[in-house]
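Student: First the structure, then my questions, so here it is.
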Amino acid sequence: MSQTPRIFIITGTPGSGKTSVATGLMRRFPFGLHIPVDDLREWVISGIVHPVPVWTEEAGRQFRFARQAAAQVARIYAAGGFAVAIDDVISPSEAQELFAVPLAGYALHTVLLRPALEIALERNARRTSKAFDTEVLADPIARLYRAMDVSPYIAAGWIIIDNSTLSTEETVDHILDAVNRWPKGAENHADNRPT
């Protein structure tokens with residue numbers, strides 16, 4: 001693998017496995033940092049706005065701040081030799097603007113986790129790590145699943161993985177295999193298809 005510190009953007013609907021995969025991926029490197037954008041948003045003590053049940057302009061503003069902060073933290077750690085995984089629900093165009101541009105010069109790899117909708121819903125229902133009833137995410141997951149059609153991600157060169165039946169470690173293996181096949185970054189994943 002390249003000596004240049006790698007930065008990964010891991011996206012997918014809630015329940016797609018972003019957090020587990022990002023954590024497992026970072027364990028494969030001598031130095032690895034996982035940045036969940038939701039954790040950065042939770043740093044807001046007064047005035048936090050959540051995206052559920054209704055997305056608002058203020059929610060969008062707070063997501064943008066969290067993503068800008070994630071990009072800056074990623075730069076700091078990558079400059080210190082860390083691999084970094086940013087986990088976020090994000091479109092290719094937003095990722096280009098908020099992550100790819102500020103992280104230019106680093107080996108950036110973009111990954112869409114795309115399990116079947118029923119698998120994402122089932123995984124979400126089993127989660128115990130959230131401080132709220134995850135059932136409130138069921139309808140947003142279904143809407144996001146439709147909104148996160150694979151076509152724009154393929155066009156933007158993202159690694160796309162159907163991890164419906166894959167373990168976390170198997171999913172990480174698929175990501176690293178794809179990165180090793182196209183070592184220069186996300187722009188080289190353009191002919192990748194869901195696996």
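Student: Can you name the number of the only condition in (1) under 14 Å from P14 (Cβ atoms); (2) assigned to a helix (DSSP H, G or I); (3) at pLDDT 90 or above that V172 fails?
Tutor: (1)
Student: Here are A69, A74, A59: which of them is more than 15 Å from F8 (Cα to Cα) and modelled with pLDDT of 95 or more?
Tutor: Step by step, each of A69, A74, A59 is checked, and only A69 is more than 15 Å from F8 (Cα to Cα) and modelled with pLDDT of 95 or more.
Student: Find the residue count for region 1-18, including only residues that are in contact (Cβ under 8 Å) with a residue 24 or more places away in the chain and either part of a strand (DSSP E or B) or farther than 20 Å from S91 by Cα (or both).
Tutor: Residues meeting the conditions: 10.
Student: Another question, then. Within region 14-34, which residues are buried (at least 21 other Cβ atoms within 10 Å of the Cβ) and farther than 15 Å from T171 by Cβ?
Tutor: P14
Student: Here is a follow-up. If R193 satisfies every condition in (1) over 16 Å from A120 (Cα atoms); (2) modelled with pLDDT of 90 or more; (3) assigned to a loop (DSSP other than H, G, I, E, B) but one, which is the exception?
Tutor: (2)
Student: Take the residues of region 73-102 that are farther than 16 Å from K18 by Cα and among the hydroxyl-bearing types (S, T, Y): which is nearest to the chain's Cα centre (by Cα)?
Tutor: The selected residue is S93.
Student: What's the number of the only condition in (1) closer than 23 Å to P5 by Cβ; (2) in contact with a helix residue (DSSP H, G or I) (Cβ under 6 Å, 6 or more places away or on another chain) that V49 fails to meet?
Tutor: (1)
Student: Let me ask something additional. Sort out which residues of region 78-91 are out of contact with any His (no Cβ under 9 Å at 6 or more places or on another chain) and surrounded by 18 or more Cβ atoms within 10 Å (Cβ to Cβ), and write them in order of number.
Tutor: If the condition is that a residue be out of contact with any His (no Cβ under 9 Å at 6 or more places or on another chain) and surrounded by 18 or more Cβ atoms within 10 Å (Cβ to Cβ), then A78, F82, A83, D88, V89, I90 are the ones that fit.
Student: Scan region 19-76 for residues that are aliphatic (A, V, I, L, M), farther than 13 Å from F99 by Cα and outside any helix (DSSP H, G or I) and jot them down.
Tutor: Those that are aliphatic (A, V, I, L, M), farther than 13 Å from F99 by Cα and outside any helix (DSSP H, G or I): L33, V44, I45, I48, V49, V52, V54.
Student: One residue is enough: does region 101-110 have a residue meeting the conditions at negative phi, in contact with a Ser or Thr (Cβ under 8 Å, 6 or more places away or on another chain) and not in a loop (DSSP other than H, G, I, E, B)?
Tutor: yes
Student: Based on this model, can you work out whether R67 counts as basic (K, R), closer than 30 Å to E118 by Cβ and without any contact (Cβ under 8 Å) to a residue 40 or more places away in the chain?
Tutor: yes
Student: Please count how many residues of region 39-64 are touching a residue at least 24 places away in the same chain (Cβ under 8 Å) and of a type in the set (D, E, K, R).
Tutor: Number satisfying all stated conditions: 2.
Student: OK, next. Does I45 satisfy the criteria of being farther than 22 Å from I160 by Cα and among the β-branched types (V, I, T)?
Tutor: Here the answer is yes, as I45 does meet what is asked.
Student: Could you list, in sequence order, all residues of region 103-146 that are modelled with pLDDT under 80 and closer than 27 Å to I7 by Cα?
Tutor: If the condition is that a residue be modelled with pLDDT under 80 and closer than 27 Å to I7 by Cα, then R127, S129, K130 are the ones that fit.
The values are calculated or read from the model by the stated rules, or taken from the named source; none is laboratory data. Only a predicted model underlies this, so the values are computations on that prediction, with no experimental measurement involved. Virtual Cβ from ideal backbone geometry, glycine too; neighbours counted across all protein chains shown.
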